[in-house]
1. Cα convex hull of segment 25-86: mean projected area in nm², to one decimal?
2. Using heavy-atom solvent-accessible surface (probe 1.4 Å) with all chains present, what is the largest-first order of 77, 97, 82, 145?
3. Just to verify a number: what accessible area does residue 91 come out at with the full protein assembly present, 1.4 Å probe, Å² rounded to tens?
4. For segment 32-87, what's the relative contact order in percent, using C-alpha pairs closer than 8 Å and at least 6 residues apart?
5. Which ³J(HN,Hα) values, rounded to whole Hz and listed in residue order, are derived for segment 158-163 from phi using the Karplus coefficients 6.51, -1.76 and 1.60 in 6.51 cos²θ - 1.76 cosθ + 1.60 with θ = phi - 60°, glycine and proline given as x?
6. For the chain, what log10 I(q)/I(0) values come out of the Debye formula at q = 0.09, 0.18 1/Å, with one point per alpha carbon and no solvent?
7. May I ask you to rank 184, 102 by accessible area, largest first, using a 1.4 Å probe over the protein chains only?
8. With all protein chains present, calculate the accessible area of residue 152 using a 1.4 Å probe and round the result to the nearest 10 Å².
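The values are calculated or read from the model by the stated rules, or taken from the named source; none is laboratory data. Source: prediction; values computed, not measured. To get the accessible areas, we keep the full protein, side chains included, count just its heavy atoms, and leave off ligands, DNA and RNA. Shrake-Rupley method; radii C 1.70, N 1.55, O 1.52, S 1.80 Å.
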Amino acid sequence: MGISSCSIFSNLITINVNKYPVPDAANAGNCTGDTLFLKATDGTGFSWTGPSGFNSNQQYPFIANAVSAHAGTYYVRVTSARGCTSIDSTVVHVNDRPTVNVGNDAEICAGAVTQLSASGTNITSYMWSPGASLSDSSIADPVARPSTTTLYILTVADNFCLVYDSVLVTVDQNPTADAGPDKVIIPGQSV
């Protein structure tokens, strides 16, 4: 009998399992007229779609002068360097910017007061500055008692949208009256 020999060959195969990207879509800029910024992470390729036919292949696309038609859900398909893809989304709100009008500048005499008055739409909070000479800096119509000429700036807000207006209150110093020294006269004389 003969002796037989066998050879065993071993081949190693390396299998790389590429992980899917974990995208993170986000946005900033929530008021009418703002620039709406979108961003995505964890990839090398980006494909955005959204309301009003929005499309972009940028990682950080933006929309200038946002309007209510830009509100909605934006989707991004993120592709990794190895070709794996994942999808994420972000919801964009575009809020109407409030309007405000504080009226005309005012002029008062030293020691006098004047009432400031703001009107507008979509206002949820008021903040007048400087507030030290006001009866209440967080209402629409505070009473102002400035000792010197003061520019009052009103900031109004609604859903994180801020708008500013200002009014100048000029303080005129009271004149000093001087009629001269007292005089003594006798009847029939003039002075």
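1. Numbers: hull surface 15.1 nm².
Result: a mean projected hull area of 3.8 nm².
2. Largest to smallest exposure gives the sequence 82, 145, 77, 97.
3. Approximately 80 Å² for this residue.
4. Working: 107 pairs, mean separation 23.4, N = 56.
Result for segment 32-87 is 42 percent.
5. Whole-Hz 3J(HN,Hα) from phi for segment 158-163: 7, 6, 6, 8, 10, 9.
6. Per q value, in the given order, log10 I(q)/I(0) is -0.63, -1.09.
7. Result of the area sort, largest leading: 184, 102.
8. Roll a 1.4 Å probe over it and residue 152 shows about 0 Å².
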